[in-house]
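Report on one structure; see the data block that follows.
The numbers here are math on the coordinates, done by the rules we state, and not lab data. Everything numeric here is computed off the predicted structure, so don't read it as measured data. Cβ: placed from backbone, ideal geometry, glycine included. Neighbour counts: every protein chain shown.
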Amino acid sequence: MKQVKKGLEGVVALDTQISFIDGVHGILKYRGIEIEKLADLSYDAVSYLLIYGMIPDAEGLNEFSRELRKERKVHPHLLNMLNFCDFENESLDALRTAISVCAHFDEDSHDISEQANFRKTIRLIARFPTMVAAFYRMANGLEVISPDPSLSHGANFLYMLRGSRPTELEAEAMEKDFILSAEHELNPSTFALRITASTLSDLHSAIISGLCTLKGPLHGGARKGVMDMLDDIGSPDNIAAYVQEHLEHKKRIMGFGHRVYKTYDPRARIYRDIARKVAMEKGNSHWFDLAREIESVMYHEMVENKHKPIYPNVDFYSGVLYKDLEIPSYLATSIFAIGRISGWIAHCLEQYGDNRVIRPRAHFV
Ligand code: SDX
């Protein structure tokens, strides 16, 4: 029996054509294209790339976007169900329940044929934002806003959330957020989803496996953790004590560190730039400046204590961006899932396409 690798660290579990990560040099590519180039496209185009394996031409993209925008509305029964759920503002639980209800009303839900999966793909990508926004509006006693087919994925989400049109920069920031959150190789939620798909369970069930895994504070839940940390720290004077106390007691600082990246997460750099622009547009860079100072104190603390420096990951500056977009922290992980859904679907289809049940061994002690 081979030696156990705790947390499967460094274990290569499967081949994929969907994304590539170089953790030493901080490189991320979706289907062979650098994330820095993809961040300037639309979320529709990047979702198409992840799922179908190529950047669509103008006509293909228009057709795909048209299909998505037609499917943004959700079943009225789903809204009623969300209205009854008292999730104490835990939106990921609401989203998980909403996907289960969606499966119930989806005549394709048990059909894992390619045609049925492509139909479900459109419906799932199109409706995640509508469900999250509707949950937020109802949880706060506000009127639910219907989707606007004239708006991009990112702009429409902010419109349904706030009831007013976002600025161009806010819409651009939301698109970038969904693109940067869309895919990341065999991260915990994607791996959980592939295990579910490998038993030939259906797409909705695989997505729910992914959602439940993303929720954890060491994974997608860290985005909420970053936002709550920024509130806890509040001002630059409190940073040093907060960081020292956490490091001394081996408590994790949210938004830092990564299993694969041993340098700056390339996504964090792009988030940092767009978060700076949004803060400037707001005329208030309090959260952005606080984050920059936290990053600097973290780096110096680690170096001074002869620790290997740990760097910001995808959740650090995205948490800052959400603060400046006035998004409440309890929505953070659900919004991460709005982006991640296209990567999850790509992996589910890839698993179906060349399947063998994923079943590792355990070493009995
Ligand atoms: C995501 O895998 C993916 O791709 C995930 C993701 C994606 O796109 O899907 O990138 C999204 O989940 C990003 C990570 C979000 N999580 C957080 O921000 C939570 C805080 N981060 C840590 O929990 C941690 O860094 C992990 C979970 C991300 C990685 O954990 P590892 O690889 O198991 O590393 P580890 O816990 O073994 O830590 C190694 C060392 C330890 O020190 P020593 O015991 O060796 O002395 O680094 C230290 C840790 O104490 N460390 C931290 C730290 N992260 C690691 N110390 C303080 N704060 C941190 N955040």
* Mean Cα-pair separation over length for the stretch 222-324, i.e. relative contact order, pairs under 8 Å, 6 or more apart, % -> 45
* Asked: With charges only on Cβ, +1 for K and R and -1 for D and E, what is the dipole size of the stretch 137-265 about its Cα centre, in debye, rounded to 20?
  -> 480
* **Lys, Arg +1 and Asp, Glu -1 on Cβ, resulting dipole of the chain about Cα centre, debye, nearest 20** => 940
* Rounded, prolate or oblate: which fits the stretch 132-249, taking a ≥ b ≥ c as square roots of the Cα gyration tensor eigenvalues, rounded meaning a/c under 1.5, else prolate when a/b beats b/c? -> oblate
* Estimated distance in nm for a label pair at residue 40 and residue 249, the labels positioned 7 Å out from Cα along Cα-to-Cβ -> 4.6
* Asked: Where does each of 344, 287 land when they are ranked from fewest to most other beta-carbon atoms within 10 angstrom?
  -> 287, 344
* Out of the stretch 52-98, which GluC sites (Glu not before Pro) are coil in DSSP terms and have no more than 14 other C-beta atoms within 10 Å? -> 88
* Structure fact -> Magnitude of the Cβ-charge dipole (Lys and Arg +1, Asp and Glu -1) of the stretch 206-247 about the Cα centre, nearest 20 debye, reported as 340
* Asked: Dipole of the chain (Lys/Arg Cβ +1, Asp/Glu Cβ -1, origin at the Cα centre): which of 321, 146, 27 lies farthest to the positive side?
  -> 27
* Structure fact -> Violations at 20 Å Cα threshold for listed pairs 29/120; 70/215; 29/262; 282/323 -> 29/120; 70/215
* With a/c under 1.5 counting as rounded, go ahead and sort the stretch 1-65 into rounded, prolate or oblate using the C-alpha gyration tensor (a ≥ b ≥ c being the square roots of the eigenvalues; past the cut-off, prolate if a/b is larger than b/c, else oblate). => prolate
